[in-house]
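The block underneath contains the structure these notes are about, expressed in structure tokens.
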Amino acid sequence: MKKTLFLLILAGGLLACTKQQPQENSYIVDKFYDLEVLRYDVPDFDELTLQQKTLVYYLSEAALQGRDILYDQNCQYNLAIRRLVEEAYLCNKEQSSKCESFKEEFDKLEKYLKRIWFSDGIHHHYSEDKFLPEFSREEWREMLRNVPAPKIEHILLQNKQEHSHSCSKSTEELLQIIEDVMFDPDIMPKRTNQADGVDLLLTSANNYYQGLTQAEAEAWYAAHKDNSREPLWIGLNSQLVKDENGIYERVYKVGGLYGEALEKVVYWLEKAKDVAENDQQRLVIEKLIDFNRTGDLRTFNEYAIAWVKDVDSRVDFVNGFTETYGDPLGITGSWEAMVNFKNLEATKRTTILAANAQWFEDNSPTDKAFKKETVKGVTAKVINATILGGDCYPSTPIGINLPNANWIRKEYGSKSVTIQNITDAYDKAAQGNGFNEEFMLSDKEVQLNKEFGCLTDNCHTDLHECLGHGSGKLLPGVSKDALREHASTIEEARADLFGLYYIADPKMVELGIIPDKEAYKAEYYRQMMNGAMTQLVRIELGKDIEEAHMRNRALIANWVLANANPENPETQIIEKDGKHYMQINDYEGLRKLYGKLLAIIQRVTSTGDFDTAKSLVETYAVKIDPTLHKEMLERYEKLNLAPYKGFVNPVYKPVFDENGNITDIKIDYSEGYIEQHLRYSRDYSPLPTWN
Ligand code: ZN
């Protein structure tokens, strides 16, 4: 629930922070469909001690070993399809360079494979829709014919379970099923379905449940819910299955589901443990190793608490089953990993915010009954990511706020991070791309963004992560699950509104975080433009808004537009020369509207008011005006930009002395997108095809 995605303006126009760059942008590695692959710098890596660098290296290896897990969580056919397409790619590559007529279909295969890598499977990482190959079934079979039969069998006959659905089938039968999954638009069309009024499990392609209806799963969770004071997160690390043995969990652990990958993760965590910076960090790693081995949720709680308390280390990491966006019921965690270290200079900013957390809580425009009397342990820091893995790769958040268990947050606090080098990479890749000039009302807004866009964007993320998510409280007896399928959208709206309300507060200038009392206007303009208009370029014409963060931003902007003063609107969409633009007439008035909505959303959260949550989401956050949508898409298309960004990782290479001791870790940025994924699939792919 606590991730900030980079949505503001789809890195597209996000702020040209410095002067325009020449055409060739060295941060853009690859571009296909609506996707752009960037690289990121890891500044100050050489400032780390050898021990810290070695720790980063071991944790990076642990981060890469879980890559297959996410593929399988996203859809049970993903590993089979990825492996077959990769083999087809490798086995046809030579021929494609010799034969001009074959090259065209081979390029389509390459594009399909690049798309699979970007989405960790066959469904779009963002829209959740299945994408289809551009090549035909016949062309697919032809390319498969160039793959040696033993290779295909090796891929298709790797079974984890005796009774696995694939076990009794021949290679031919499996190939036919896989082909249908790849090409038939009606099979598994949606990864995670959020639509109203249908069985969310039966209509979702992902692999968190097998053989159950939504009602059966909900009943199982209700019966197994832990209502103790320090509850276990039942279902966090398991697949729920119904078969002839009844309903049971297959737990993700060494020896259990995904055990082959978790074993490798543990191998590298063991090494990392030996070079931990201090005892607290060592405890974190030990608990995580233990949890991976046993799957025991009590150990997970101990790990999460130890992790929150580890605030003095320079290096930090996330590795495991974490965010629950992928599960239509919001319970099971998708596997993700990120290794990072503190950016000391930028962390000063968030330290100031954290030190003043109580002031922000006390002065927010929400009802007193919903405020925390004491805001506990909001630790906030700015980090540089060193490796992205699992659900953080290739597409990644720009902020993380964990742990997700509310009782741990309440008792022990949470850690909140803003990922500076990723934000910087987005900015650098977006320089001079013409987005702001096209969509902003006038040069005034463009200039405002040039001057303050970067800074206010980072500050808004800081406020969202360090203070927003941690603010407010639930009334006694209100369940964290009360808002059900709308919980993520409402929670993100709450954190965003907290940030929007406060970024305009004189306190920010007083604290020295924002240099100019006008600067916030850059953020206000962008948020309104993005939420009501430009974020629509990420959605296909005719489709609804689905993703929680996008819904949140639409909710805020559209609510404000609908509730603006009808005589004298604070903000409105206007038409100029046949194009529509966001216009803000009264920035202070807009701040009041943000405050008003924050109070409503906080009340909805604190009281668990499902009906209002549902009505807010359905009224403002799902449906799109088709005329406006079409216009946005057409204007955007002319800019020739990609709305979604992802990354390649740097490569970390240990240097050894003659005794085999590590003497340094070198960092290399030169690996390309295709090379990286082929290498990962070769060196970090421990799972069987069917799990
Ligand atoms: Zn968030």
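Just to check your reading of the model, which residue among Glu567, Glu546, Glu492 is assigned to a helix (DSSP H, G or I) and not small (Gly, Ala, Ser)? It would help to see each step written out before you state the result.
On the way: Glu567 fails: assigned to a helix (DSSP H, G or I); Glu546 fails: assigned to a helix (DSSP H, G or I).
Result: Glu492 is the single residue among Glu567, Glu546, Glu492 that is assigned to a helix (DSSP H, G or I) and not small (Gly, Ala, Ser).
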For this session: May I ask you to say which residue of Glu411, Glu373 is over 30 Å from Trp117 (Cβ atoms), out of contact with any His (no Cβ under 9 Å at 6 or more places or on another chain) and outside any helix (DSSP H, G or I)?
Result: Glu373
For this session: Kindly indicate whether any position in region 536-553 is away from the ligand (no atom under 16 Å from the Cβ), surrounded by fewer than 17 Cβ atoms within 10 Å (Cβ to Cβ), within 21 Å of Ala355 (Cβ to Cβ) and of a type outside the set (S, T, N, Q).
Result: no
Problem set entry | Tally, over region 454-479, of residues that are more than 16 Å from the ligand (Cβ to nearest atom), at pLDDT 90 or above and not in a loop (DSSP other than H, G, I, E, B) | 1
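Within region 585-601, which residues are open to solvent by less than 20 Å² (accessible area, probe 1.4 Å), touching a residue at least 40 places away in the same chain (Cβ under 8 Å) and more than 16 Å from Lys517 (Cα to Cα)? First the steps, then the outcome.
Quick first cut of region 585-601, residues open to solvent by less than 20 Å² (accessible area, probe 1.4 Å) only: 589-590, 593-595, 597-598, 601.
Now drop any that are not touching a residue at least 40 places away in the same chain (Cβ under 8 Å), which leaves 590, 594-595, 597-598, 601.
Result: Tyr594, Gly595, Leu597, Leu598, Ile601.
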For this session: Please find, among Leu59, Leu90, Leu55, the residue that is surrounded by fewer than 23 Cβ atoms within 10 Å (Cβ to Cβ) and either farther than 17 Å from Asp180 by Cα or hydroxyl-bearing (Ser, Thr, Tyr) (or both).
Result: Leu90
Exercise. Is it the case that Trp220 is under 30 Å from Thr347 (Cβ atoms) and open to solvent by less than 60 Å² (accessible area, probe 1.4 Å)?
Worked result: no
Exercise. Before we move on, is Asn404 open to solvent by 10 Å² or more (accessible area, probe 1.4 Å), in a helix (DSSP H, G or I) and within 16 Å of the ligand (Cβ to nearest atom)?
Worked result: no
Exercise. Met582 versus (1) open to solvent by less than 50 Å² (accessible area, probe 1.4 Å); (2) part of a helix (DSSP H, G or I); (3) within 23 Å of Ile600 (Cβ to Cβ); (4) not β-branched (Val, Ile, Thr): which is the lone unmet condition?
Worked result: (2)
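Based on this model, can you work out whether Ser170 counts as farther than 30 Å from Thr294 by Cβ and open to solvent by less than 50 Å² (accessible area, probe 1.4 Å)?
Values: farther than 30 Å from Thr294 by Cβ: yes; open to solvent by less than 50 Å² (accessible area, probe 1.4 Å): yes.
For Ser170, the condition - farther than 30 Å from Thr294 by Cβ and open to solvent by less than 50 Å² (accessible area, probe 1.4 Å) - is met.
Every residue, every condition in (1) more than 20 Å from Ser685 (Cβ to Cβ); (2) open to solvent by 40 Å² or more (accessible area, probe 1.4 Å), yes or no:
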position	(1), (2)
Ala261	no, no
Ala272	yes, no
Asp279	yes, yes
Ile289	yes, no
Exercise. Is it the case that some residue within region 468-482 is free of Cβ contacts under 8 Å to residues at least 12 places away in the same chain, more than 30 Å from Thr374 (Cβ to Cβ) and out of contact with any strand residue (DSSP E or B) (no Cβ under 6 Å at 6 or more places or on another chain)?
Worked result: no
Exercise. Can you tell me how many residues in region 495-507 are assigned to a helix (DSSP H, G or I), more than 16 Å from the ligand (Cβ to nearest atom) and not basic (Lys, Arg)?
Worked result: 1
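Of the residues Glu523, Glu491, Glu510, Glu518, only one is surrounded by fewer than 24 Cβ atoms within 10 Å (Cβ to Cβ) and within 16 Å of the ligand (Cβ to nearest atom); which? Outline the logic, then answer.
Details: Glu523 fails: surrounded by fewer than 24 Cβ atoms within 10 Å (Cβ to Cβ); Glu510 fails: within 16 Å of the ligand (Cβ to nearest atom); Glu518 fails: within 16 Å of the ligand (Cβ to nearest atom).
Being surrounded by fewer than 24 Cβ atoms within 10 Å (Cβ to Cβ) and within 16 Å of the ligand (Cβ to nearest atom) holds for just one of Glu523, Glu491, Glu510, Glu518, which is Glu491.
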Problem set entry | Hey, Val181 among the aliphatic types (A, V, I, L, M), more than 33 Å from the chain's Cα centre (by Cα) and surrounded by 14 or more Cβ atoms within 10 Å (Cβ to Cβ) or not | no
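Here's the yes/no breakdown for (1) without any contact (Cβ under 8 Å) to a residue 40 or more places away in the chain; (2) buried (at least 20 other Cβ atoms within 10 Å of the Cβ); (3) assigned to a loop (DSSP other than H, G, I, E, B):
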| site | (1), (2), (3) |
| --- | --- |
| Leu70 | no, yes, no |
| Ala80 | no, yes, no |
| Arg83 | no, yes, no |
| Glu104 | yes, no, no |
| Gly121 | no, yes, yes |
| Glu138 | yes, no, no |
| Glu142 | yes, no, no |
Problem set entry | Every pair of residues 6+ apart whose Cβ atoms lie under 8 Å, when the first sits in region 335-346 and is within 27 Å of Gln239 (Cβ to Cβ) and open to solvent by 10 Å² or more (accessible area, probe 1.4 Å) while the second is part of a helix (DSSP H, G or I) and hydroxyl-bearing (Ser, Thr, Tyr) | none
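Yes or no: region 432-448 includes at least one residue that is open to solvent by less than 30 Å² (accessible area, probe 1.4 Å) and either within 14 Å of the ligand (Cβ to nearest atom) or under 21 Å from the mean Cα position of the chain (by Cα) (or both).
No, every residue in region 432-448 fails to be open to solvent by less than 30 Å² (accessible area, probe 1.4 Å) and either within 14 Å of the ligand (Cβ to nearest atom) or under 21 Å from the mean Cα position of the chain (by Cα) (or both).
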For this session: State all residues of region 291-315 that are open to solvent by 30 Å² or more (accessible area, probe 1.4 Å), modelled with pLDDT of 95 or more and β-branched (Val, Ile, Thr); if no residue qualifies, say none.
Result: Thr294
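The values are calculated or read from the model by the stated rules, or taken from the named source; none is laboratory data. On a predicted model such as this, the values are computed, not experimentally measured, just so you know. Glycine also receives a Cβ, built like all others from the backbone with ideal geometry; neighbour counts cover every protein chain displayed. Keep in mind that these areas ignore ligands, DNA and RNA; they rest on the heavy atoms of the full protein, side chains included. Shrake-Rupley method; radii C 1.70, N 1.55, O 1.52, S 1.80 Å.
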